[in-house]
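Engineer: Structure in structure tokens, see below.
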Amino acid sequence: MFTMRITSYFDYNCVFCYIGRYRLREAANRAGVSIEWVAWAMPEDASPPPKPDDYREGVKRYVQAASEDLGLDIRLMRAVDTQDALTGMYYAREQGVEEPYHQQVFDARFLKGLDVSDRKVLTECAEAAGLSGDGYWNALDQEKYRMQLQADFQRAAQTRIWTIPVYEADHRRLEVHHFDQLPTADGLTEWIQLIGTKAEG
């Protein structure tokens, strides 16, 4: 075992962040490391690699295969405003239920097909994660949580994170520009172990 924290940049709109979350948590549990979740929004000056013409069809095939592998029925959803959902993460973190909150919001979006820009939907997610519904609803308008969200966005922009998910550890970065680059749980485990070996050496 070695002390390490994996930083994962994500957004609730990102189906590959959802799939990757299962794999990352499995790898982190194997290696005994923690995960830091950092909210992401596309920076204004971002210039990500272009997608191939058949990208959409490839995404459908990949998600279908990943769904079968995970034993889930993952739906591809149109992007919505996730600022409230992301803001709620900081309140959930403060209350000690960040991981259940992530799971509830992601599941609501990609398994139930719900609109996670709707505060009523989000409040139900928060309550299912163990939060007070009233406390959560009020937290969404609190400046301190909004400021934390903007700080995460700025952090991602300053480090030129243009696509997600992105994983970082010990000043090393694993970027996913195309779904074929999304690492498996085994691949993430090897990456973590490699970083740990170099850090200890």
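Engineer: Applying the selection to segment 16-35, what residues are surrounded by 12 or more Cβ atoms within 10 Å (Cβ to Cβ) and either among the polar types (S, T, N, Q) or assigned to a strand (DSSP E or B) (or both)?
Structural biologist: Asn29, Ile35, listed by residue number.
Engineer: Where residues in segment 89-113 are assigned to a loop (DSSP other than H, G, I, E, B) and in contact (Cβ under 8 Å) with a residue 24 or more places away in the chain, which of them is surrounded by the fewest Cβ atoms within 10 Å (Cβ to Cβ)?
Structural biologist: Applying the filter and picking the extreme gives Gly113.
Engineer: Being surrounded by fewer than 18 Cβ atoms within 10 Å (Cβ to Cβ) and more than 23 Å from Pro50 (Cα to Cα) is the requirement here; does Asp170 meet it?
Structural biologist: For Asp170, the condition - surrounded by fewer than 18 Cβ atoms within 10 Å (Cβ to Cβ) and more than 23 Å from Pro50 (Cα to Cα) - is met.
Engineer: Among (1) β-branched (Val, Ile, Thr); (2) in a helix (DSSP H, G or I); (3) closer than 19 Å to Phe16 by Cα; (4) touching a Leu at 6+ places or on another chain (Cβ under 9 Å), which single condition is Val116 missing?
Structural biologist: Every condition holds for Val116 apart from (2).
Residue-by-condition table, conditions (1) β-branched (Val, Ile, Thr); (2) over 20 Å from Phe110 (Cα atoms); (3) at pLDDT below 95:
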{"site": "Asp11", "(1), (2), (3)": "no, no, no"}
{"site": "Arg21", "(1), (2), (3)": "no, no, no"}
{"site": "Ala28", "(1), (2), (3)": "no, yes, no"}
{"site": "Ile35", "(1), (2), (3)": "yes, yes, no"}
{"site": "Ala39", "(1), (2), (3)": "no, no, no"}
{"site": "Pro49", "(1), (2), (3)": "no, yes, yes"}
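Engineer: Next question. Counting only residues that are in contact with a helix residue (DSSP H, G or I) (Cβ under 7 Å, 6 or more places away or on another chain) and either basic (Lys, Arg) or surrounded by fewer than 16 Cβ atoms within 10 Å (Cβ to Cβ) (or both), how many does segment 129-144 have?
Structural biologist: Residues flagged as in contact with a helix residue (DSSP H, G or I) (Cβ under 7 Å, 6 or more places away or on another chain) and either basic (Lys, Arg) or surrounded by fewer than 16 Cβ atoms within 10 Å (Cβ to Cβ) (or both) within segment 129-144 amount to 2.
For (1) in a helix (DSSP H, G or I); (2) within 18 Å of Pro183 (Cα to Cα); (3) in contact with a strand residue (DSSP E or B) (Cβ under 8 Å, 6 or more places away or on another chain), each residue gets a yes or a no:
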site	(1), (2), (3)
Val38	no, no, yes
Ser47	no, no, no
Arg75	no, no, no
Thr87	yes, no, no
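Engineer: Taking segment 151-166 on its own, how many of its residues are part of a loop (DSSP other than H, G, I, E, B), out of contact with any strand residue (DSSP E or B) (no Cβ under 6 Å at 6 or more places or on another chain), surrounded by 15 or more Cβ atoms within 10 Å (Cβ to Cβ) and not β-branched (Val, Ile, Thr)?
Structural biologist: Here the count works out to 1.
Engineer: Kindly provide the set of residues from segment 36-85 that are crowded, with 16+ Cβ neighbours inside 10 Å, over 15 Å from the mean Cα position of the chain (by Cα) and of a type in the set (Ser, Thr, Tyr), ordered by number.
Structural biologist: Tyr62, Ser67
Engineer: When you go through (1) over 27 Å from Pro183 (Cα atoms); (2) of a type in the set (Gly, Ala, Ser); (3) not in a helix (DSSP H, G or I) one by one for Ala79, which number turns out not to apply?
Structural biologist: (1)
Engineer: Same structure again: If you check Thr189 against the conditions, is it farther than 21 Å from Asn13 by Cα, surrounded by 15 or more Cβ atoms within 10 Å (Cβ to Cβ) and either of a type in the set (Val, Ile, Thr) or touching a residue at least 12 places away in the same chain (Cβ under 8 Å) (or both)?
Structural biologist: So Thr189 fits the description; yes.
Engineer: If the requirement is being of a type in the set (A, V, I, L, M), at pLDDT 95 or above and within 14 Å of the chain's Cα centre (by Cα), which of these qualifies: Leu188, Leu182?
Structural biologist: Leu182
Engineer: What are the residues in segment 1-15 that are in a strand (DSSP E or B) and either buried (at least 18 other Cβ atoms within 10 Å of the Cβ) or among the hydroxyl-bearing types (Ser, Thr, Tyr) (or both), if any?
Structural biologist: Hits for segment 1-15 are Ile6, Thr7, Ser8, Tyr9, Phe10.
The values are calculated or read from the model by the stated rules, or taken from the named source; none is laboratory data. Predicted, not measured: the structure shown is a model, and the values here were computed from it. Note that each Cβ is placed from the backbone with ideal geometry, even for glycine, and that neighbours are counted across all protein chains shown.
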